[in-house]
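Let me begin by presenting the structure, written as structure tokens, before commenting on it.
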Amino acid sequence: MTKSKPSSLPPVSTYDYGTELNDEADTYMGDGNCPVPVGWLEGPFLPTGSPFNIRRPHGLVNKVLSYIERRAVFDQPQLNLFSAVVTCSTLMAGKISTPNGDVLSILAMGLAPSSAGKDAGVSSPKELLVALGLKSLLLGKQGSKQALEKSMSANPTRLMILDEVGHSLLSASKCQFASQVAPTITEIWNGKHYLGSGAAGRETWDCERPNLSAYVTGSPELVYEASSDAQVSDGGLPRWLLARGERKDIREKLEREEDVVADQALYAELQAWMTSTMSESIFTATTPGGAKPPCASITKEAEELLDLHEMQYCDYAGQVKQHGELYNKANQVAIRVATIHAAGRADHPKNAKIEIQDAQFAIEMIGVSMRNYTEFIKGMNTTERSENLEEILEIIRKYGRDGVNHSELVRKIANKFVQKQREELLNTLIESRCIIKQAVGRSTHYFSVPGTDL
């Protein structure tokens, strides 16, 4: 992808952005506001701009989505679609790279209330991979960082599926998943050569071009409570696409429509990929001999559109006061989604060519994810944790310009917060620039910053 400013795009009146799709409401997965007006791509891509929805995908992504929908108890378009894209990223590993040569790893989180129908997006990918004889690619919850490294070293392509992840994240002080495994997942996502951490007396597990995709679900309140501004600023959360599901009434339950013929056709198509050339493997992120798989080609128009999208998001990231990291990662995710969609339309993933419709689909997914993050940040800031931050900040404010000695502050809050929790809350206040930590003589003091709020 080029980093220079794209040449001016042709006016929408003379250039076809795939507008035939805009004229068909049933190609969209949204509500009565679809189809969107022709030419929406000329407007802002930002979540603060005009709303737009996700067009229904084409090719393999649509077939996998339909596979999930046939098993759904409730209609949850976002959850099912994001799960389908994650599943396809695993199925295409080692067949194609992005135009930049990156792996196709996709991380996605689906948030919805309990009993809202999250299960289809969790169980259906497992069922599909088992039916294809790819059970070995599935990963459940990993008990430690070393366990994840060992799994990835044994097979560089993996699909992690986790339900109710909020419980694991909340137990960070007791659970290695939240404190070690989750950060390792985001590190592996880059797809570069991963050097295992190792330890005294332990084997080190390295991984060449890892392709780890993950789809996890959780209840919004639990995930909000377990999340922090630091997870945004350190680049962890920005790597994750975010889908939202709505609360459902039992009367909205769907009648499942089994389609054995469609299921078998999907199995046969994917099996054909695996046997088309016996020297290739769908399981690895590199071709035989360790070389990278071929890079997807991209049309000039699609490349300019994705570059324009990146420009707008990067400009916006520089304007917002907080959480700009969410926008800086958006284009890196978008090109992966566009490659997956293009590969699913091709006769074989290695022949993928990213065209306008693939870029549109990716931009729409990113846009929906970003709007979901807007709500996510609001929810994250209204939890019990936010109240705890406010309580500590108020204590520090009372000491005015003299600040409060570290030992004295600890005595005031020790009965409510354990040491690790105290440190995390104080670090968050420092990162949010609500307080300053400063040495005064031989002791450490905390000072509130006038005019700041959480």
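Among residues that are touching a strand residue (DSSP E or B) at 6+ places or on another chain (Cβ under 6 Å), small (Gly, Ala, Ser) and under 16 Å from residue 366 (Cα atoms), residue 302 is included.
Filtering segment 72-80 for residues that are at pLDDT 90 or above and of a type outside the set (Gly, Ala, Ser) leaves a non-empty set. Among the residues of segment 434-446, those identified as in a loop (DSSP other than H, G, I, E, B) and out of contact with any Ser or Thr (no Cβ under 6 Å at 6 or more places or on another chain) are 441, 442.
Condition check ((1) over 30 Å from residue 86 (Cβ atoms); (2) touching a strand residue (DSSP E or B) at 6+ places or on another chain (Cβ under 6 Å); (3) touching a residue at least 60 places away in the same chain (Cβ under 8 Å); (4) among the small types (Gly, Ala, Ser)) across all residues:
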{"position": "360", "(1), (2), (3), (4)": "no, no, yes, no"}
{"position": "367", "(1), (2), (3), (4)": "no, no, yes, yes"}
{"position": "414", "(1), (2), (3), (4)": "yes, no, no, yes"}
{"position": "420", "(1), (2), (3), (4)": "yes, no, yes, no"}
{"position": "432", "(1), (2), (3), (4)": "yes, no, yes, yes"}
{"position": "436", "(1), (2), (3), (4)": "yes, yes, no, no"}
{"position": "445", "(1), (2), (3), (4)": "yes, yes, no, no"}
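Total residues in segment 120-165 satisfying the condition of being of a type in the set (A, V, I, L, M), under 19 Å from the mean Cα position of the chain (by Cα) and outside any helix (DSSP H, G or I): the figure is 6.
Residues in segment 50-97 that are out of contact with any Phe, Trp or Tyr (no Cβ under 9 Å at 6 or more places or on another chain), of a type in the set (Ser, Thr, Tyr) and crowded, with 24+ Cβ neighbours inside 10 Å: 3 in all.
At least 3 residues being charged (D, E, K, R) and either crowded, with 19+ Cβ neighbours inside 10 Å or within 16 Å of the chain's Cα centre (by Cα) (or both) is the threshold, and among the helices (runs of 4 or more DSSP H) wholly inside segment 327-427 those reaching it are 356-380.
Where residues in segment 207-242 are aromatic (Phe, Trp, Tyr) and either assigned to a loop (DSSP other than H, G, I, E, B) or modelled with pLDDT of 80 or more (or both), which of them is surrounded by the most Cβ atoms within 10 Å (Cβ to Cβ)?
Only one residue fits best here, namely 215.
When residue 157 is tested against (1) closer than 21 Å to residue 376 by Cα; (2) at pLDDT 80 or above, just one condition goes unmet, and that condition is (1). Kindly establish whether residue 346 is in contact with a strand residue (DSSP E or B) (Cβ under 9 Å, 6 or more places away or on another chain) and closer than 21 Å to residue 239 by Cβ. Against the criterion (in contact with a strand residue (DSSP E or B) (Cβ under 9 Å, 6 or more places away or on another chain) and closer than 21 Å to residue 239 by Cβ), residue 346 does not qualify. Scanning segment 308-320 finds one or more residues that are modelled with pLDDT of 80 or more and out of contact with any helix residue (DSSP H, G or I) (no Cβ under 8 Å at 6 or more places or on another chain). Residue count for segment 337-366, restricted to those that are out of contact with any helix residue (DSSP H, G or I) (no Cβ under 7 Å at 6 or more places or on another chain), at pLDDT 90 or above and either more than 19 Å from residue 108 (Cα to Cα) or charged (D, E, K, R) (or both): 2.
The values are calculated or read from the model by the stated rules, or taken from the named source; none is laboratory data. The shown structure was predicted, so the numbers you read here are calculated from the model rather than taken from an experiment. Neighbour counts are summed over all protein chains in view; Cβ atoms, including those assigned to glycine, are modelled from backbone coordinates with ideal geometry.
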